[in-house]
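Take a look at the structure set out below.
None of the figures in this text is laboratory data; all of them are computed from the coordinates on show. Predicted, not measured: the structure shown is a model, and the values here were computed from it. Note that each Cβ is placed from the backbone with ideal geometry, even for glycine, and that neighbours are counted across all protein chains shown.
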Amino acid sequence: MSPAARSLARRRVFSLLASTRHSRAACGAPPPRVSPDPSEPCTSSAPSFCTSAPRRVSSPRDASALGVARVPSESRPRDGAHGDDRTHSGVLLRDFLSKALYDKKDGYFARPDVPVGVIAEPIAFASLLGADDYANALDVRYRRLAKQWLTPVEIFKPHYAEAVARYVLHRYREEDEKQGYPLRVYEIGGGAGTHAAGFLRYLRRNAPEVFAKTEFTSVEISQSLARAAERTVRDALDGDDHRVNDSETLRDTTKRRGKGTRKGTKRDSDVYSVIRGDASERDAWGAKDASPCFVVALEVLDNLPHDKVIFRKDSERGGHGDHHGWFQTRVRLDPETNKHVEDHSEPLSDALAVRAMETLADAARAETVETSFARRVARVVEAIFAPALASKKIAYLPTGCLKLLETLHGARPNHRLVAADFDSLPGVTMAGRNAPLVAAQADGGRTRDLPTYLAEVGSADVFFPTDFEALRALDAAARRTVSMNDGVERSENSARGEVLSTRAFMERWADVQATATRSGYNPLLQDFANTKFFLS
């Protein structure tokens, strides 16, 4: 596959199906044949994007493959050893990535031209013949964009958001409503507000009595996206057309609810508010609140900063205790070249990175011995295709994710997390477990991959695949760590951690008929096969 085709095969430029069609058309090749029968395998010389055989990155999690061991607690520094990349010591990779993505002035998400694209009119899936028409519809919409990408919640609006709303409403009625609690939802990184608008419109139309006692709060680090979200929700809930589309009962209900404007009238959008801040920082959440709530994070985990650790067998120095040969990564600005460079000479000692590594190691040890023939074959394949890791192991630790989870369990102890993200990314060329993709964008949704996150800092997107089994372990560890210190009683309802494919989640909670094409092909179920949901 050419670099251009590889670039277009990634999730933020196009969905998996549409990207293949577009890249092949660009070089004069016919689009892949996609069977009109959802159960029939598709045939193409391009990588398979069928839900029956989704692209995956093999991810062993046994202790030996991970190569990790516990680190004693002595001499550990505090979390987040922030520094300056212009100094000799530099900064930890997660701090470098955090600034590159989220700096209020120069970060990727601080751009005035927001990187999250919006579709003016929802796609009429029932009018499409099949997979090719769907790919064409996406192609047309991407060509209208600036330097932006589309998320699944945008492509499948309002159906994606309504599926999440059905799930949340079901759990709210089962667990919270009888106890007299209002429905409280926090959305982290809600982009342009498409999910919030679809979620709240669904509630207003189908559960007006719940909508009347709903509080929906977006926690957004980007000022430009926060403003875009406020406009989207306000237009969706207070627009001139909502009184035609929604019932009189809903209109009467909203008159009895909420805050008033300065003119004394009440608006449906009063249920929505925005907190400008970093959701992983405790200060963004205000006072601790142990009442039940939901936290929604759609395509958030992939943009959370990671730490890079390297294991060298031939090293004489290692980290503290029995953490032999592991080194953490710092990034500094080389004064001679004025370019960012990495340094791997510092033994692993950062407290947050150590906690993340220990959690993953414990989860690996807890797994049962794998004896299936298929898994043994997979191990052999891994050994063949990753020989470079034998003497030099590289791993990207989800420290930003762990920090966010610890913050959530501390600030909102009885939250239920609804997270959706990509469990694998095609076309990754950087070495290391859980390595990211780095991409810069051009008009029309075009993109180009970069070989490193050290280039075009602040102008490029850096995103990581999510290991959902690791996410389950990290969430449980964060819950245990925080609960041992704060003494807050937590509901067992939020202790469970369920991982579902997007198809499985949507088959249960979405109106799948609304996204089916005339041939039977259903992109909500069959496209984005490399995505999953985590439900706590």
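If each residue of separation counts as 0.36 nm, what is the full-extension length gain between ARG144 and GLU175 once their alpha-carbon separation is subtracted?
Roughly 6.8 nm would be gained on extension.
What pairs in LYS99/LYS403; LYS99/LYS157; LYS99/LYS147; LYS157/LYS403 have C-alpha atoms more than 22 Å from each other? The partial results should precede the final answer.
Values: LYS99/LYS403 16 Å; LYS99/LYS157 31 Å; LYS99/LYS147 20 Å; LYS157/LYS403 31 Å.
Listed pairs above 22 Å: LYS99/LYS157; LYS157/LYS403.
Rounded to the nearest 20 debye, what is the charge dipole size of region 135-186 about its Cα centre when +1 sits on each Lys and Arg Cβ and -1 on each Asp and Glu Cβ?
300 debye
Let's test the formula: R0 of 25 Å, r as the Cβ-Cβ distance of ASP334 and ARG448. What FRET efficiency results, to the nearest 0.05?
My answer for the efficiency is 0.55.
Looking at ASN136, PHE125, PRO112, which one has the Cα that reaches farthest to the positive end of the dipole of region 100-167 (charges on Cβ: Lys, Arg +1; Asp, Glu -1)?
PRO112
Work out how much length ALA351 to ASN485 would gain on full extension: take 0.36 nm times their residue separation and subtract the Cα-Cα distance, in nm to one decimal.
Roughly 46.5 nm would be gained on extension.
Which order results if ASP278, ASP113 are arranged by neighbouring Cβ count within 10 Å, fewest first?
Working: ASP278 17, ASP113 8.
Lowest to highest Cβ neighbour count: ASP113, ASP278.
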